[in-house]
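For reference, the structure is listed below as structure tokens.
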Amino acid sequence: MSLTIGAHVDQTDPLAEAAERGTTLVQFFLGDPQGYKGPEIRYAGGASGLRADAEVAGVALYVHAPYVINVATTNNRIRIPSRKLLQQHVDAAADIGAKGLIVHGGHVGKTDDPAVGFDNWRKAIDATDLKVPLLLENTAGGDNAMARYLERIAGVWEAIGSASQSDQVGFCLDTCHAHAGGNKLDTVVDDVLAITGRIDLVHCNDSRDAFDSGADRHANFGAGQIDADLLAGVVRSAAAPVICETPGGAVEHQADFAWLRERL
Ligand SMILES: [Zn+2]
């Protein structure tokens, strides 16, 4: 099976990172993944240079949004800056010619009704000009998470469906998050497809922690607790481009690519 397999890399020169790994697919942050400061282009040629150089090199770019974005929350002081940051990242991702922006599902407070979070997702999609596809990613844990368990993903998806640009919203399935989040890997692709009808990207990661532990700690393939056949099975049946967000640099990533390719 010939799927494109790439990696999450440092943002300064993603094209050099791609070349080092022998891949044509990379994901990276634009600026600080833990802050509200807004996107930053660290590539020497700027946004237009990165876009042009990636095109020449034939490298597909994906941007991972900051972890602090939580458009579902009932807390105005987080939701409002989250929406702003989301739009800024969509704009920056479009500027560099990215294929998509990946964002975590977020969460509501312990005592909040999840339905409010679903509707906040709809409002966020309605309020955002989606110049590039937005890929909603499942998460491993989080109190009252929006995208850990399937029923919640279904709630978000149903709510988003009535937003004006819902066709620009896709899904990114993370294998570590699915496993640690308590979703069975032998059925998760079919289960997600039954809800979303699409899986646009796979974040393929082994998990340092046990099934349903709720812990988000990625591991290199074979070094974690996910069964090798199950991991490869998810990638095979999702049939989408693959990003490894596994520890290490080019050497470790190439070993992960080889491990996975052997099993596809
Ligand atoms: Zn991920």
* At D227 and N75, where each label point lies 7 Å from the Cα along Cα→Cβ, what is the point-to-point distance in nanometres? -> 3.9 nm
* To do: Pull up all non-local amide H partners of H107: gap of 5 or more, or a different chain, and H-to-H distance under 5 Å with H placed in the peptide plane.
  => A72, T73, M146
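What Kirkwood hydrodynamic radius, in Å, does segment 23-101 give when the mean of 1/r is taken over all pairs of distinct Cα atoms and then inverted? Please list the in-between numbers first.
Values: mean 1/r = 0.0769 Å⁻¹.
Radius from the Kirkwood sum: 13.0 Å.
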* Among A124, V189, M146 the positive-end extreme of the charge dipole of segment 36-193 (Cβ point charges) -> A124
* segment 60-128 versus segment 205-264: alpha-carbon centroid distance in Å -> 26 Å
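How large is the dipole of the chain about the Cα centre if only Lys and Arg carry +1 and Asp and Glu carry -1, each at its Cβ, rounded to the nearest 20 debye?
On the way: 22 positive and 35 negative charges, 105 e Å.
Here the chain has a charge dipole of around 500 debye.
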* Bridge type composition, the chain - antiparallel percent by DSSP, nearest 5 -> 10 percent
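Highest mean first, how do 72-78, 220-226 rank when packing is the count of other Cβ atoms within 10 Å averaged over residues? Show your work: numbers first, answer last.
Working: 72-78: 15.9, 220-226: 18.9.
Ranking, from highest mean packing down: 220-226, 72-78.
Can you check what the net charge comes to around G141, using other residues whose Cβ is under 9 Å from the Cβ of G141 (Lys, Arg +1; Asp, Glu -1)? Before the final figure, lay out the partial values.
Values: positive: R148; negative: D143, D216.
After counting each charged neighbour, the total is -1.
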* To do: Could you give me the percent of Cα pairs per 10 Å distance bin for segment 1-137, shortest bin first, beginning at zero and ending with the bin that holds the maximum distance?
  => 13, 41, 28, 15, 3, 0
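Here, each number is a calculation from the coordinates, and none is a lab measurement. Keep in mind that what you see is a predicted model, and the values were worked out from it rather than measured. Don't worry about glycine lacking a Cβ; one is built from the backbone with ideal geometry, like all the others, and counts go over all protein chains shown.
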